[in-house]
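Structure, as structure tokens:
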Amino acid sequence: MASVNSIEAAVSQYIADERLLGREGLHLVAVSGGADSVALLTMLKRLGYRVEAVHCNFHLRGTESDRDEQFVVTLCKQQSIPLHISHFDTATYADVHQVSIEMAARQLRYRYFEQLRQDIGADEVCVAHHRDDAVETLLMNLVRGTGIHGLTGIRPRNGHVVRPLLCVSRADILHYLDSLGLQYVVDSTNLVPDVVRNKVRLEVLPLLQQINPAASENIALTARRIAEAERLFNATVQSVIAQLYNDGAMSISELLSQPSPEYILFELLSPRGFTPAQIQQIAATLRQPRSGSLFQSATHELTVHRGRLIVEERRPPLPELKIPETGLYRYTADTQVAVKLTDDVTISREPQCATLDAAKVAFPLTVRPVQTADRFSPFGMKGSRLVSDYLTDRKLNIFEKRRQLAFTDARGAIIWLVGCCVDQHYAVDESTVQVLRLRIQT
């Protein structure tokens, strides 16, 4: 069994290799009172880091929760380490937010850690996950179904949360505490195989260690190798995405030419809220894409249009604005509408400006997004057309169609399809005396 000095040396080297902690900074250490967190707090102090402890009482285990808190108070007094304590009504939080008790405790804990870190100016929050925790996580992910990321176990850093003990095992930690004569408390709920992690810890891992005593160590080594391979893999995938995905669009043919189109889609779309099932469905449509297909996540939308995948953030519907008379009006936060009467009958060629025969237009006007059944008579064409067909002919995608604005008059007839053309019934002709000039300003 490794000595105290060798365990500390291994952790110190791991911290340096992963660039987890700075020597000059202040670091918060999450201390539950269990063996792992007691070892982490003690070790970091012995290694010369400036630390303060933080303890969360979730009030889930009755007197055991209070026992843990008192133990941490005594430990920090003995080691002259400043301590921060927070109490949570975890059960009520879980009920209000409709999450599991485990998830509620996690959300409360990490939210408090981050707020406290900012309040006291700490650099990092140190938590005591060790190598066996990483192995358990890998096995749990494997059973549930996972990609490369899930096979890397627990990462040494997640934002400001760092895990300096991932290089040592639970056995190393217990030996370390025993060698230093340090006490710790035991969470009785960890001893009952009633949740997935406990089943893996208490039943699956011991069985694997019967097959090979070095099972945990070998699985952890494999996870580290996968993590290194993942770094190279991710760099390649992101490089491909940067080449293919421009201005919110990607060529389907170019995507299909890649070795793994579905994985590229996953890396592109999962950060935008799309689920694995949705991404799989999108990938299945690539061989026979249907223009106008629409997929939605909580934050983004994807459509297929003319051989391209187009992704946009979800936007609120555009409003409707009534214009009772000439003047300058605010349509949205960054868009204004100018309505002006003029004797200058020059026809504007600007896409964001329309010139209409004022005598033919009846106020009030309305600015609104186009609607499904809208029709108008495009200037220079015979008869009327559905606006949707007209926009399709202009090769607009579904998102552009949604943003297409129209001006209507008091009769509800479209007088100007913004950026496209005016209705021929309202166009300036040789008999026009006065012009109504409409302009969209952004």
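Within the range 365-383, the residues that satisfy the criterion of being farther than 20 Å from residue 322 by Cα and open to solvent by less than 60 Å² (accessible area, probe 1.4 Å) are 377, 378, 383. In this structure, does residue 60 turn out to be part of a loop (DSSP other than H, G, I, E, B) and either within 23 Å of residue 166 (Cα to Cα) or in contact with a helix residue (DSSP H, G or I) (Cβ under 6 Å, 6 or more places away or on another chain) (or both)? Answer is yes for this residue.
Of all residues in the range 52-82, those satisfying the criterion of being in contact (Cβ under 8 Å) with a residue 40 or more places away in the chain, within 15 Å of residue 40 (Cα to Cα) and more than 31 Å from the chain's Cα centre (by Cα) are 72, 75, 76, 81. Look through the range 98-127, keep the residues that are in a helix (DSSP H, G or I) and in contact with a helix residue (DSSP H, G or I) (Cβ under 7 Å, 6 or more places away or on another chain), and return whichever of them is most open to solvent (accessible area, probe 1.4 Å). In this case the residue turns out to be 101. Of the helices (runs of 4 or more DSSP H) lying entirely inside the range 190-271, the ones with 1 or more residues being at pLDDT below 90, open to solvent by less than 50 Å² (accessible area, probe 1.4 Å) and closer than 18 Å to residue 129 by Cα are found at 196-199, 205-211, 215-244. Just one of the numbered conditions (1) over 20 Å from residue 74 (Cβ atoms); (2) touching a residue at least 12 places away in the same chain (Cβ under 8 Å) is not true of residue 17: (2). Could you please let me know if residue 81 is out of contact with any Phe, Trp or Tyr (no Cβ under 9 Å at 6 or more places or on another chain), under 28 Å from residue 199 (Cα atoms), assigned to a loop (DSSP other than H, G, I, E, B) and open to solvent by less than 40 Å² (accessible area, probe 1.4 Å)? No, not satisfied.
Just one of the listed residues (279, 310, 347) is of a type in the set (A, V, I, L, M, F, W, C), out of contact with any Pro (no Cβ under 6 Å at 6 or more places or on another chain), surrounded by 11 or more Cβ atoms within 10 Å (Cβ to Cβ) and part of a strand (DSSP E or B), and it is 310.
In the range 14-37, the residue that is surrounded by the fewest Cβ atoms within 10 Å (Cβ to Cβ) out of those that are in a helix (DSSP H, G or I), within 30 Å of the chain's Cα centre (by Cα) and small (Gly, Ala, Ser) is 16.
Which residues, counting only those in the range 240-267, are more than 20 Å from the chain's Cα centre (by Cα) and hydroxyl-bearing (Ser, Thr, Tyr)? 251, 253, 257, 260 - these are the residues of the range 240-267 that are more than 20 Å from the chain's Cα centre (by Cα) and hydroxyl-bearing (Ser, Thr, Tyr).
Restricting attention to the range 332-361 and to residues that are under 22 Å from residue 430 (Cβ atoms), modelled with pLDDT of 95 or more and among the hydrophobic types (A, V, I, L, M, F, W, C), the residue that is nearest to the chain's Cα centre (by Cα) turns out to be 353.
State yes or no: is residue 415 open to solvent by less than 60 Å² (accessible area, probe 1.4 Å), touching a residue at least 40 places away in the same chain (Cβ under 8 Å), among the β-branched types (Val, Ile, Thr) and closer than 20 Å to residue 349 by Cβ? Yes; evaluated as a whole, the condition is true for this residue. If you go through the range 155-169 one residue at a time, do you hit one that is in contact with a helix residue (DSSP H, G or I) (Cβ under 6 Å, 6 or more places away or on another chain), assigned to a helix (DSSP H, G or I) and over 17 Å from residue 30 (Cα atoms)? Within the range 155-169, not a single residue is in contact with a helix residue (DSSP H, G or I) (Cβ under 6 Å, 6 or more places away or on another chain), assigned to a helix (DSSP H, G or I) and over 17 Å from residue 30 (Cα atoms).
The values are calculated or read from the model by the stated rules, or taken from the named source; none is laboratory data. What you see is a predicted model, and the numbers here were worked out from it, not measured in a lab. Virtual Cβ from ideal backbone geometry, glycine too; neighbours counted across all protein chains shown. SASA here: full protein model, heavy atoms, side chains in, ligands and nucleic acids out. Shrake-Rupley method; radii C 1.70, N 1.55, O 1.52, S 1.80 Å.
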